[in-house]
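Asker: Sending over a structure as structure tokens; questions will come in a sec.
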Amino acid sequence: MSLLKVVKHIGLTDKEARVYLACLELGSTGVAEIARRARINRVTAYDVLEKLMKKGMVNTFLKAGIRLYDATDPQMVAAEFKRRQHDFLKALPDLRRLRGDTIHPRIRYFEGLDGVKAIYEDTLSSKTEILNYSNSKEIRDHWQNYDEEYVTKRVKHKIYLRGISPADEHGAWVHEHDKKYFREIRLVPADQFTFTNEINIYDDKVAIISYKDKPLIGMIIESLEIANTQRDIFKMAWEFASAFSYANR
């Protein structure tokens, strides 16, 4: 596919695409040279450049009294379009409600250790804290480098985690290192709560992983309503875990 077609596919007209490419090729230059390279007249070039500036794809400045134009770095343009796409996708449930659509949760299934790792990788995109029910032993039995390959990344991304785990030796070890790993773990009686499944609640998603199935299986449920309900349930469990921790000091 030609560069002209590629640029037009991001929503530019033919003239806008040609002017943007001309600006990229020429660097900082005046309108006359841009018009010549884009094969349009000078008056039209001014109009097109104005539209591209409003879209953030061209910049202008004065040098020795002469107005020059310069194309925005394509990588910055791509990042901006990616941000807009992300915002639009986040708004999809509300947009679909406007037209009366019934919103069904999006469910993705994963299998095996690689699938489980893919679920954890998805949590690293979280814009909210992660709320977590987990068995500290189970995940590390299956994924020996879990702390190095995932927890360290979560800390680097500054994604805070609040979790509830069984009060066994593994849960106690994890809890002991809370500050180092940007989290708060509360422990509950191991004889009452074993948590062979792990649940992570973040953004508009709920990720569930089963460690007792062979092969390992997991899913990500994408639904703001389900995620918010799970957050409310977690709040109740969090208060119970706090009461248990206080009683056992």
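Quick note: the coordinates plus some simple rules give every number you see, no bench work behind them. Predicted model, so just to flag it, every value in this text is computed and none were measured. Backbone-built Cβ (ideal geometry, glycine too); neighbour counts: all protein chains shown.
Asker: Can you list the HN-Hα couplings for segment 24-29, worked out from phi with the Karplus curve (6.51, -1.76, 1.60; θ = phi - 60°), rounded to whole Hz and with x for Gly and Pro?
Answerer: Values, residue by residue: 5, 5, 8, x, 5, 7 Hz.
Asker: Okay, next question. By counting other Cβ atoms within 10 Å of each Cβ, how are 183, 108, 83 ranked from fewest to most?
Answerer: So the residues, fewest neighbours to most, are 83, 108, 183.
Asker: As a test of the formula, what do you get for the chain when each DSSP H run with n ≥ 4 contributes -39,500 (n - 2.57) and the sum is divided by the residue count, at 222 nm and rounded to the nearest 500 deg cm²/dmol?
Answerer: -15000 deg cm²/dmol
Asker: Of all DSSP beta bridges in the chain, what percent run antiparallel (nearest 5)? List each step's numbers first, then the result.
Answerer: Details: 28 of 38 bridges.
Restricted to the chain, the bridges split so that about 75 percent are antiparallel.
Asker: Sorting check: for 25-34, 60-69, which peptide has the highest mean count of neighbouring beta carbons within 10 Å, and how do the rest follow?
Answerer: So the order, starting with the most tightly packed, is 25-34, 60-69.
Asker: Quick one: Karplus J couplings for segment 189-199, per residue in order, coefficients 6.51, -1.76, 1.60, θ = phi - 60°, nearest Hz, x for Gly and Pro?
Answerer: In residue order, the calculated couplings are x, 5, 7, 10, 10, 9, 6, 6, 9, 10, 10 Hz.
Asker: Sum up the charges of everything whose Cβ sits under 15 Å from the Cβ of residue 54, counting Lys and Arg as +1 and Asp and Glu as -1, but leave residue 54 out.
Answerer: Here the count lands on 0.
Asker: Given a cut-off of 19 Å, name the pairs among 54/127; 8/63; 117/137; 137/214; 127/180 whose C-alpha atoms lie farther apart than that in the structure shown.
Answerer: 54/127; 8/63; 127/180
Asker: Here's a follow-up. List 120, 109 from most exposed to least, where exposure is judged by having the fewest other Cβ atoms within 10 Å.
Answerer: 109, 120
Asker: How much length is gained on full extension from residue 141 to residue 125, taking 0.36 nm per residue of separation minus their Cα-Cα distance?
Answerer: Taking 0.36 nm per residue and subtracting the Cα distance, the gain is 3.3 nm.
Asker: How do 19, 188, 206 line up, fewest other C-beta atoms within 10 Å first?
Answerer: Ascending number of Cβ neighbours within 10 Å: 188, 206, 19.
Asker: Still on this structure, please answer the following. May I ask you to compute the full-extension gain from residue 90 to residue 54, defined as 0.36 nm times their residue separation minus their alpha-carbon distance, rounded to one decimal in nm?
Answerer: Value of the extension gain: 10.5 nm.
Asker: So who's got an amide H within less than 5 Å of the one on residue 29, skipping anything under 5 residues away but keeping other chains? H placed 1.01 Å off N, in plane.
Answerer: 69
Asker: Quick one: angle between helix 42-54 and the longest Cα principal axis of the chain, in degrees between 0 and 90, rounded to 10, please.
Answerer: For helix 42-54, the angle is close to 10 degrees.
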